[in-house]
1. For segment 24-58, give me each residue that is crowded, with 17+ Cβ neighbours inside 10 Å and either assigned to a strand (DSSP E or B) or over 13 Å from the mean Cα position of the chain (by Cα) (or both).
2. Yes or no: Ala8 modelled with pLDDT under 85, among the hydrophobic types (A, V, I, L, M, F, W, C) and either surrounded by 12 or more Cβ atoms within 10 Å (Cβ to Cβ) or not in a loop (DSSP other than H, G, I, E, B) (or both)?
3. Just to verify a result, which residue in segment 62-84, among those that are part of a helix (DSSP H, G or I), more than 13 Å from the chain's Cα centre (by Cα) and not basic (Lys, Arg), is farthest from Gly121 (Cα to Cα)?
4. Which members of segment 30-48 meet the condition of being of a type outside the set (A, V, I, L, M) and closer than 18 Å to Gly116 by Cα?
5. Kindly indicate the residue of segment 85-113 that is part of a strand (DSSP E or B) and in contact (Cβ under 8 Å) with a residue 60 or more places away in the chain and also surrounded by the most Cβ atoms within 10 Å (Cβ to Cβ) among those meeting that condition.
6. Quick one: would you say Ser63 is surrounded by 18 or more Cβ atoms within 10 Å (Cβ to Cβ) and not aromatic (Phe, Trp, Tyr)?
7. When Cys104 is evaluated against the numbered criteria (1) over 17 Å from Thr33 (Cα atoms); (2) within 13 Å of the chain's Cα centre (by Cα), which criterion, by number, is the only one it fails?
Amino acid sequence: MTARLLSALVLLFMTPMALASNSFSCNIKDLSTTMSAPKYLIVHMECDSTSPIAPGSNGCTSSTVLRNAFTFDATSEQGKLNASLVLMAFATKKRVYASTYGTCPKGLENTPLLYGLKVYGS
């Protein structure tokens, strides 16, 4: 019984990591929006992703998927929280760890969606 419970907990905590496709750990370079996807905030990083998404998969239909950017819906409740963290990190030049899903939203077929975000302290 204990072994099954332990196995279930390991799977529970490992599954989100499997869904996250690539990650960044550096400062934010700039922020932008576009009329092709007006509710999304695009975050460009000062470094490239550790394992970039291959073009042509999961909505990332652009011939080139950005290696140094991610995006998220800034109008959702989670998006508003992400936006406040991103803006604070950008304004204070704090290092950010961001991981993304292996998918891109409609209108931004070259920019992966944010999965998780962490802003480092001093």
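The values are calculated or read from the model by the stated rules, or taken from the named source; none is laboratory data. Note that the structure is a prediction, hence the values are computed from the model and not measured. As a convention, Cβ positions derive from the backbone with ideal geometry for all residues, glycine included, and neighbour counts pool all protein chains shown.
1. Phe24, Ile28, Ala37, Tyr40, Leu41, Ile42, Val43, Met45, listed by residue number.
2. Judged against the criteria, Ala8 is a match.
3. Going through the qualifying residues, I end up with Glu77.
4. Tyr40, His44, Glu46, Cys47, Asp48
5. Ala98
6. So Ser63 does not fit the description; no.
7. (1)
Quick grid of which residues meet (1) within 12 Å of Asn22 (Cα to Cα); (2) at pLDDT below 95; (3) in contact with a helix residue (DSSP H, G or I) (Cβ under 8 Å, 6 or more places away or on another chain):
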position: Ser51; (1), (2), (3): yes, yes, no
position: Gly59; (1), (2), (3): no, yes, no
position: Ala89; (1), (2), (3): no, no, no
position: Thr100; (1), (2), (3): yes, yes, no
position: Thr103; (1), (2), (3): yes, yes, no
